[in-house]
1. Within the stretch 57-83, can you find the residues that are more than 15 Å from V100 (Cβ to Cβ) and modelled with pLDDT under 90?
2. Among the residues that make up the stretch 37-59, is at least one of them among the hydroxyl-bearing types (S, T, Y) and at positive phi?
3. Would you mind stating whether V94 is touching a strand residue (DSSP E or B) at 6+ places or on another chain (Cβ under 7 Å), surrounded by 11 or more Cβ atoms within 10 Å (Cβ to Cβ) and either touching a residue at least 12 places away in the same chain (Cβ under 8 Å) or over 30 Å from R127 (Cβ atoms) (or both)?
4. Only one of (1) exposed (fewer than 14 other Cβ atoms within 10 Å of the Cβ); (2) under 12 Å from the mean Cα position of the chain (by Cα); (3) of a type in the set (F, W, Y) fails for F119. Which number is that?
5. If you go through the stretch 61-84 one residue at a time, do you hit one that is part of a helix (DSSP H, G or I) and free of Cβ contacts under 8 Å to residues at least 12 places away in the same chain?
6. Quick check on the stretch 84-105: of everything there that is among the β-branched types (V, I, T) and out of contact with any Lys or Arg (no Cβ under 9 Å at 6 or more places or on another chain), which residue is modelled with the highest pLDDT?
7. List pairs: first in the stretch 102-120 and among the small types (G, A, S), second outside any helix (DSSP H, G or I), Cβ under 9 Å, 6+ apart or cross-chain?
Amino acid sequence: MLTLPLVLGSAWWVDTNVGYGTLVDLVTGTWYGTNPELGVFLAAAVLVGLAAVNAGLNSGLVPTSALVVAPVFGAALARYGTTVSTYDGGTTVVSLPEAVAHAAYVGVAFGVPIALCGFLVGAGLRRIGVVLTDTGGPPQPAEQA
């Protein structure tokens, strides 16, 4: 339900505020440790928190993954219409199919591991809550109910 607004919102935000080239520079510098950016860490923390809340409330890995992959997909979709270097040394403008394929790859490659981490945190916290509130006792047989 929130996936489409997250895709469109993150694509719009990257396109209007940061720019795809700058986003790539920020993530690359953080990934390799050459120029770590606090914003990249905060974005990852927000995504893990979003996944944890969703998993704690709904307990579904697929919906949690879709919720986290959506903004990553949208941010990578901002590549559409940008000029990128080619292997032969020239440049080309990114087409919509190429941008969607790239965004799907980036969404799965980065979004799914983040979603899995958040899902494990949320499911673990939900389990702790069930144990602490004693609502997770052993099931009662039908005769004793």
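The values are calculated or read from the model by the stated rules, or taken from the named source; none is laboratory data. Everything numeric here is computed off the predicted structure, so don't read it as measured data. Cβ: placed from backbone, ideal geometry, glycine included. Neighbour counts: every protein chain shown.
1. Residues of the stretch 57-83 more than 15 Å from V100 (Cβ to Cβ): 57-68, 71, 83.
Within the stretch 57-83, L57, N58, S59, G60, T83 qualify.
2. Our first condition is that a residue be among the hydroxyl-bearing types (S, T, Y); within the stretch 37-59, this holds for 59.
From what's left, at positive phi: 59.
Among the residues of the stretch 37-59, at least one is among the hydroxyl-bearing types (S, T, Y) and at positive phi, which makes the answer yes.
3. Details: touching a strand residue (DSSP E or B) at 6+ places or on another chain (Cβ under 7 Å): yes; surrounded by 11 or more Cβ atoms within 10 Å (Cβ to Cβ): yes; either touching a residue at least 12 places away in the same chain (Cβ under 8 Å) or over 30 Å from R127 (Cβ atoms) (or both): yes.
In short, yes.
4. (1)
5. First pass over the stretch 61-84, keeping only residues part of a helix (DSSP H, G or I): 61-77.
So of that shortlist, the ones also free of Cβ contacts under 8 Å to residues at least 12 places away in the same chain come out as 62-63.
Yes, the stretch 61-84 contains at least one residue that is part of a helix (DSSP H, G or I) and free of Cβ contacts under 8 Å to residues at least 12 places away in the same chain.
6. As a first pass, look at the stretch 84-105 and keep what is among the β-branched types (V, I, T): 84, 86, 91-94, 100.
Remaining after also requiring out of contact with any Lys or Arg (no Cβ under 9 Å at 6 or more places or on another chain): 84, 86, 91-93, 100.
Details: V84: 77, T86: 76, T91: 83, T92: 84, V93: 88, V100: 93.
So, considering only residues that are among the β-branched types (V, I, T) and out of contact with any Lys or Arg (no Cβ under 9 Å at 6 or more places or on another chain), the one modelled with the highest pLDDT is V100.
7. A103/A78; A103/R79; A103/Y80
For every residue, the table says whether it meets (1) surrounded by 12 or more Cβ atoms within 10 Å (Cβ to Cβ); (2) of a type outside the set (S, T, N, Q); (3) at positive phi; (4) in a loop (DSSP other than H, G, I, E, B).
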site	(1), (2), (3), (4)
G9	yes, yes, no, no
V14	yes, yes, no, no
N17	no, no, no, no
G21	yes, yes, no, no
T28	yes, no, no, no
